[in-house]
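Here the structure comes first, spelled out in structure tokens, and everything after it is commentary.
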Amino acid sequence: TKEKSKYRIRWKKSDGTRGSLYFKTHTSAKKALAKLEAESEEVRVGLRPEVTPDHTFSELCDYWIEHRASRKKSDKHDRSIIRRHLRPAFGHLKVSEVTLEAVDAFRKGICSNERFRPTPEDKRPPEGQVSPKTLHNVLTLAISILNLAAELGWIPAKPNIKKPKLLPAEYSYLRTKDDIKSFLQAAQE
């Protein structure tokens, strides 16, 4: 049903209670409703384990570090992103509470300008912010962790998180005034 500027879906969960979620578009609401109804039916007939909604995101991070990150050549990047960004933002929440809205608020809080392109004079984003590349890395890991939660049955469906498109640094090879001068002289010749 349409409620103000969003679309609300309601479905009967496998335990008989009613579930409710909001979406920005009718199409995304319709797809999610079909998926959630199918998953609930699969749980009712025994084809899928029941979702256990009492796990926290911090527990999910622990599971990730133990079972997934440990299989990588180096898990220090995952550990760093979890420690520095994901646990502070979502660690206290239940996995089911890490919604698209929560991720969007987090995204806005750590990267105010996703089109930031470093220049030779201004190589870093503003204080308290991260670069779009760092945001991309953080969201990539968050998506992977939430995919794991869906695989484990800790959430019925993962939020549809979109990563920012990375813009190449324009003329990043021209770092100094001397580089620019050499480039222009070569172009004239």
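The values are calculated or read from the model by the stated rules, or taken from the named source; none is laboratory data. Predicted, not measured: the structure shown is a model, and the values here were computed from it. For neighbour counting, all protein chains shown are included, and Cβ atoms are generated from backbone atoms with ideal geometry for every residue, glycine included. Heavy atoms of the whole protein, side chains included, go into the accessibility calculation; ligands, DNA and RNA do not. Shrake-Rupley method; radii C 1.70, N 1.55, O 1.52, S 1.80 Å.
Structure summary
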| quantity | calculated |
| --- | --- |
| Residue that is assigned to a helix (DSSP H, G or I), in contact with a helix residue (DSSP H, G or I) (Cβ under 9 Å, 6 or more places away or on another chain) and either open to solvent by less than 40 Å² (accessible area, probe 1.4 Å) or free of Cβ contacts under 8 Å to residues at least 40 places away in the same chain (or both), where the choices are Glu37, Glu59 | Glu59 |
| Selected residue (criterion: least open to solvent (accessible area, probe 1.4 Å)) from residues of the range 40-56 that are of a type in the set (Asp, Glu) and either assigned to a helix (DSSP H, G or I) or touching a residue at least 60 places away in the same chain (Cβ under 8 Å) (or both) | Glu42 |
| Candidate set: the range 13-34, residues that are surrounded by 15 or more Cβ atoms within 10 Å (Cβ to Cβ) and assigned to a loop (DSSP other than H, G, I, E, B); chosen: the one modelled with the highest pLDDT | Lys13 |
| Tally of residues being surrounded by fewer than 20 Cβ atoms within 10 Å (Cβ to Cβ) and either among the acidic types (Asp, Glu) or free of Cβ contacts under 8 Å to residues at least 24 places away in the same chain (or both) across the range 74-88 | 8 |
